[in-house]
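The values are calculated or read from the model by the stated rules, or taken from the named source; none is laboratory data. Only a predicted model underlies this, so the values are computations on that prediction, with no experimental measurement involved. Please note: Cβ atoms are built from the backbone with ideal geometry, for glycine as well, and neighbour counts cover all protein chains shown. For the accessible areas, the whole protein counts, side chains as well, though only heavy atoms, and no ligand, DNA or RNA atoms are used. Shrake-Rupley method; radii C 1.70, N 1.55, O 1.52, S 1.80 Å.
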Amino acid sequence: MLASASAGILVDWQAPGIARYTRDWLMRARGPLPVPDDIAIVAIDEISMVRFGRFPWSRQVIARAIDALSATRPKVIALDVLITDPTTQEDDDDLARSIGRAGNVVVAAQLTDSPVHGGPSRWLQPLPAIERAAASVGHVNAQTELDGIVRQVAIRMADDAGRSYLAMPVEAVRIADGTPVEGVTDEQDALLLGSRTIRLDTTPPAIAIAPSATTRVPTHVLHGGRMTIDYIGPAGSFSPVTYSLSDVLAGSVRAEKFRGKFVLIGATAASLGDRVASPFVRYTDARADQHGALMPGVEVLANAIHVILSSRYYTEPSDTAAFLWGATVALLTLLLLEWAQGGREFLKQLAVLVGMAALVMLVSYLAFLKLLFYPPTVACLVAFACAGLLGLLRRSLVASARLDANIAELALSGDLLAPAGPGIPGPYHWAEGGPVSLSRGWLPRGLEWKAKILSELNARLLDRAKFVNFALRSVGDGLLIADPEGRITFANRSAGAILGLPARGLVGQNLTQRLSGWVDAETLSRLSTERGHFEREISIRGLRTLQYTLRLAAVSADEKGVGPVLGIVASLSDVTRQYELQQTKNDVISLVSHEMRTPLTAIQGMTELLAAYDVEPVRRREMNLAINDEVKRLTRMITGYLDITRLESGATAMRLSAVRAETLLERILILVEPVAAQHQIRVEGKFPPDVPPFLADADLLSRAVENLVSNAIKYSPDATTVCVSARAEEEFVAIEVADHGYGIPAADLERVFEKFYRVPRVQDAGVPGTGLGLALVREIAELHHGSVSVRSEVNQGSIFTLRIPRNEVRKEA
């Protein structure tokens, strides 16, 4: 910051022309000011030259003009015309008398350099008679700078002999105010003109003038301050108050135009050559008109008088103030560059630099416009540029050093960059703990070195990341990785298949949403807080209900598990096979311990009785028939159980063929008709012609439908109706079996498809059954990728619906 501000001050000192150009730009940006109404110009213009001939004219013309103007009672008449050479005595005397009668005429003098190099400068003074008649004499020297622009006017100038004159604008205001010569006082940085204070630029030192033998002028100090001119606009800005001398002499200009005003007589004709450049020489107005014309000297005089009358003096900052301005701009630039980090950093930095440059220019413009203050724009812009460059350089060095540290950390990371496996190529040159070329120094390494090392590290990291990614995606268990809030960031294919979505579709969703019913926000919060584990068994229903073990664990930032929580890992392990084996074990135990015990006990008792006693032939025959029935019951039970077990394990091979529902159902109705007739139950078939053929295992499907129809006959009262129908749905062929039986209570509906389950009902006390028929129907439906459902009302009947996919070729299991 301090270096940037110092650089700004140094540039301002060494290249002052830049500051001048900046002030010119501010003046042009401000634009023209209102034309003052207390100044009037009488122009020696082209019209006057047409009337009176080539200039210089007869002194009589100027005398008549002064008489005419004096009659309008102006405050002062400033004659910006050098009258140094005598003409005819009569003309010179007439002009002197006209000036004397007016009593408020200020005439011009000009200091010229010697034609001999190093020779003394001398004044071009008015004729003695003119000077005696005039109210005062003021010099009309313009302070032209190296670029040819007049920005200031010297308040006092003196020749080598020590004779000095105040500038004509000062003398004109002094005469107009009636201030005596004694009322003019020199101060350090100002000229006191009666009640007025003219602020001066006193950069050049005061000059001590020693007495000479010829002039015997006493020693005195000459203060050489300069007054800065605040131009109201480009050349021609005073045209509304400029009147041709020819019109004045012709009496065509009303006296009110000059009464009580500062009247300036001077040349505006281009042929007379009295023109200089002003800061507005490159000005372009609102209509895009360029003003490149030079300004007549009389307009420069008018602008200088306006500055004194309106006290439009601009304040210049001291070097200390300029330094503080530059330091403030540099500090603000550095702070904003520090802020412009993160996302879209380049755009932010560009916006900061452009915004700061615009802010400096805007503040400079407002200070110039509103406060009449010359801001240290150059110092501020240089400080801003240096701060921007140094700030970006510092950030670049810091980032480079941080990158070196990160490279070293990666290179020394050990197992993280170890080869991922024999299939991952990696021809890298590594020493123990890192690359051979890794070295540390206090200066950041070059970009080429960083690019080379980062390329190696990046390749190793990508190889390791690919290996880990492949490994995670190859895991058979479903794997989900989420952030601490539960938002999923990774899912493998197995997780997608389990949850019914593509793996990419799971990314971005929330664990509590995908595992709803098993995991909630409280569980995730407890995991993050306690760094613990969560495990439970879940069931996911689909075409087939599958069993999974869900495990969740928090991932901590360190191996001890006490660091910040980085995320949550969830796994879904398929335990359906283990669950089915356990269920099979339970079923076998249930079969042996419950379902088979009753018939075996009966068989054992009757055989022991027949062996121990001599039973009557009729009774013996009855007992043998009972034993035969129980054996057949056991055979049916074991056969049904084995059939279900084969279906569940996938050991039953499906033989798919085209099946027509009408043909299959009519054959089944023929088979069950004798049984239905025994109970006076009428079996109806409704087979619309629009049911298309579909692929199925005809034998298994016939067995399933036959079980449903047989159950409907067994559990229906006599003299009722059982209706078997088929219909085509969008994706399935639906086969319905409806009865008017006893119905199934709502509490038992969910269990009717379980093995060995029979609805506890008084009406079914004498109905034989094993409780395996509906379980077999369910397994056959699921083997076809279909389903079976039931709707029932007590004492109203039940409707079983078997749905088999249509037009879908299934591979054999």
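Along the Cα→Cβ direction, 7 angstrom out, place labels at Ser239 and Asn628. What is the inter-label distance in nm?
If labels sit at Ser239 and Asn628, their model points lie 13.9 nm apart.
Using r as the Cβ-Cβ distance of Val398 and Val363, and R0 as 30 Å, what FRET efficiency do you calculate, to the nearest 0.05?
Details: r = 30 Å, r/R0 = 1.00.
Once the sixth-power term is evaluated, E becomes 0.50.
If DNA, RNA and ligands are ignored and the probe is 1.4 Å, what is the ranking of Leu550, Leu600 by accessible area, most exposed first?
Greatest to least solvent exposure: Leu600, Leu550.
For the residue pair Asp520 and Asp718, what label-to-label distance in nm results when each label sits 7 Å from Cα along the Cα-to-beta-carbon direction?
In this crude label model, Asp520 to Asp718 measures out at 5.7 nm.
In the structure shown, do any of Lys348/Lys452; Lys632/Lys755; Lys714/Lys755 have a Cα-Cα gap over 23 Å, and if so which?
The answer is Lys348/Lys452.
Given a Förster distance of 51 angstrom, what is the FRET efficiency for His533 paired with Leu389, based on the Cβ-Cβ distance and rounded to 0.05?
0.35
How charged is the neighbourhood of Ile83? Take every other residue with its Cβ under 10 Å from the Cβ of Ile83, and add Lys/Arg as +1 and Asp/Glu as -1.
Working: positive: Arg59; negative: Asp85, Asp92, Glu131.
Charge balance in the 10 Å sphere: -2.
For region 45-171, what is the Kirkwood hydrodynamic radius in Å, using each pair of distinct C-alpha atoms?
Value: 15.8 Å, from the Cα pair sum.
Where does each of 464-475, 4-15 land if you order them by average Cβ count within 10 Å, highest first?
Highest to lowest by the protection proxy: 4-15, 464-475.
Could you compute the FRET efficiency for Arg54 and Asp247, with r as their C-beta to C-beta distance and R0 at 22 Å, rounded to 0.05? All intermediate terms of the calculation are to be shown ahead of the outcome.
On the way: r = 19 Å, r/R0 = 0.87.
That pair, Arg54 with Asp247, gives E of 0.70.
Provide the gained length on full extension for the span Glu793 to Arg727, in nm with one decimal, where the gain is 0.36 nm per separating residue minus the Cα-Cα distance. Provide the component values of the computation, followed by the final result.
Working: separation 66, 0.36 × 66 = 23.76 nm, distance 2.27 nm.
Between Glu793 and Arg727, full extension yields an extra 21.5 nm.
Starting from the Cα-Cα distance between Val575 and Thr87, subtract it from 0.36 nm times their residue separation and give me the gain in nm to one decimal.
162.7 nm is the gain from fully extending Val575 to Thr87.
On full extension of the chain, what length is gained from Arg620 through Leu656, given 0.36 nm per residue of separation minus the C-alpha to C-alpha distance?
8.0 nm is the gain from fully extending Arg620 to Leu656.
At 7 Å along Cα-to-Cβ for each site, give me the label-to-label distance between Ser121 and Val565 in nm.
Once both label points are built, they end up 8.7 nm from each other.
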